1. I need Met221, Met337, Met206 ordered by Cβ neighbour count within 10 Å, fewest first.
2. Under the rule of -39500 (n - 2.57) per DSSP H run of 4 or more residues, summed and divided by the residues of the chain, what mean residue ellipticity at 222 nm is obtained, to the nearest 500 deg cm²/dmol?
3. If you take every DSSP beta bridge fully contained in region 54-173, what fraction is antiparallel? Give it as a percent rounded to 5.
4. If the chain between Leu51 and Glu244 were fully stretched, how many nm would it gain, using 0.36 nm times the residue separation less the Cα-Cα distance?
5. Among the listed pairs Lys191/Lys248; Lys34/Lys162; Lys196/Lys264; Lys76/Lys135; Lys25/Lys196, give every one whose C-alpha distance is greater than 30 Å.
6. Kirkwood-based Rg over Rh for region 150-193 (C-alpha set), two decimals?
7. Roughly how compact is region 223-330, stated as its Cα Rg over 2.2 N^0.38 Å to two decimals?
8. Which whole-percent values make up P(r) of region 169-287 when all C-alpha to C-alpha distances are grouped in 5 Å steps starting at zero?
Amino acid sequence: MRVFPLTHKSPNIIPAKKIPASRSKKEALKLLTKARLLDLGRQADEIRQRLHPKGVVTFVIDRNINYTNICIARCKFCAFSRSPRDPDSYVLSRDEIFGKIQELVDEGGTQLLLQGGLHPDLPLNYYEGLLSSIKARFPIHLHAFSPPEIWHFSRLYGLSVKDVIQRLMDAGLDSIPGGGAEILSDRVRKKVSPKKVTSSQWIEVMREAHDLGLNTSATMMFGAGETADDIIAHMFLIKEEQEEALEKGKGKFTAFIPWTYQPKNTALGGTSPTAVDYLKVLALSRIVLDNVPNIQVSWVTQGPKVAQIALSFGANDFGSTMMEENVVASAGAHFRMGKDEIIALIRDAGFHPAQRNTAYKIIKNF
């Protein structure tokens, strides 16, 4: 199947200058709940073309290493975490981690996504030593530790969030991934992840990171009991923090990645949002988050064909080759693909594939 961008040679396209920016939550809610899918897609695609006029769709070669699955948060939507007493709980040895990184470097990888659970006992020098030992051995960008992990370190060791981030930066931390956001609505978070950070705490970690000059990404998991209002509130929290970060001119959000809740093997159960739901939320994120440069598809949850279509709904980045992924896979999502398949999918969708680094600088065009 060949997927053609909605805006290519279509006589019904609304010129970019006539598309109003989504300046209010009320307007955004109306778009999400009232707009037709293809109309929403056209608006988002026009904005993508304005921000990325050359039709390039990027991807990064990386690996997601979960250094431990021990976590005291035990969120209801998570099928990955274990308690320290569970027989299949683990903390990876450095040799195991080094072996995985060597495989990544051998494949031309440039980014390591390093995340784990909220482990109750590991000392801070475990994390500092892990980062510094990786940096001493490998020329790799360390995109590591989500806001819940940073906040957990802060409370566990009696340090400020700023001090924790600075110590991790001194050890080799290069940027922070946007995991653990789920929906930034405390009403929902109290139901699905009551032991994890609040919405304001998640934002606080990112604000401190930005103030220290670190770039970050932002995510949103939806379909776990939130309302349309919650989705809008989440996007505007990201938008407002990005406005502040850009004014300061230090770190910032480089990308936004919406993805759908995967219910298999979770305590929460239920069903996952449809592809139509996903495309509407993705398109709206491109319209609302006009100050976040990149919108990334979630082929891990949606599969290759919906990911292709998403490139015509505002997304300009195909994400990661993700040599390894454990968390979403534990909840039943098992899509996998390598670099060559990603390149082919981007090209068949009518775009120009390019490998990037974490800062979204092009490494190689294909």
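1. Working: Met221 23, Met337 17, Met206 28.
If I rank by nearby Cβ atoms, fewest first, I get Met337, Met221, Met206.
2. On the way: 14 runs with 154 residues, N = 366.
The helix contribution divided over the chain gives -12500 deg cm²/dmol.
3. Values: 1 of 11 bridges.
About 10 percent, rounded to the nearest 5.
4. Gain on stretching Leu51 to Glu244: 67.5 nm.
5. Numbers: Lys191/Lys248 35 Å; Lys34/Lys162 42 Å; Lys196/Lys264 21 Å; Lys76/Lys135 35 Å; Lys25/Lys196 26 Å.
Table pairs above 30 Å Cα-Cα are Lys191/Lys248; Lys34/Lys162; Lys76/Lys135.
6. Numbers: Rg = 13.0 Å, Rh = 12.1 Å.
Across region 150-193, the Cα-based Rg/Rh ratio is 1.07.
7. Details: Rg = 14.6 Å, N = 108, 2.2 N^0.38 = 13.0 Å.
My calculation over the Cα atoms of region 223-330 gives 1.12.
8. 2, 11, 21, 23, 19, 13, 8, 3, 1
Just so you know, all these numbers are worked out from the coordinates, no wet-lab data involved. Small disclaimer: the values here were computed from a predicted structure and weren't measured. When we count neighbours, we look across all protein chains shown, and the Cβ atoms used for this are built from the backbone with ideal geometry, even at glycine.
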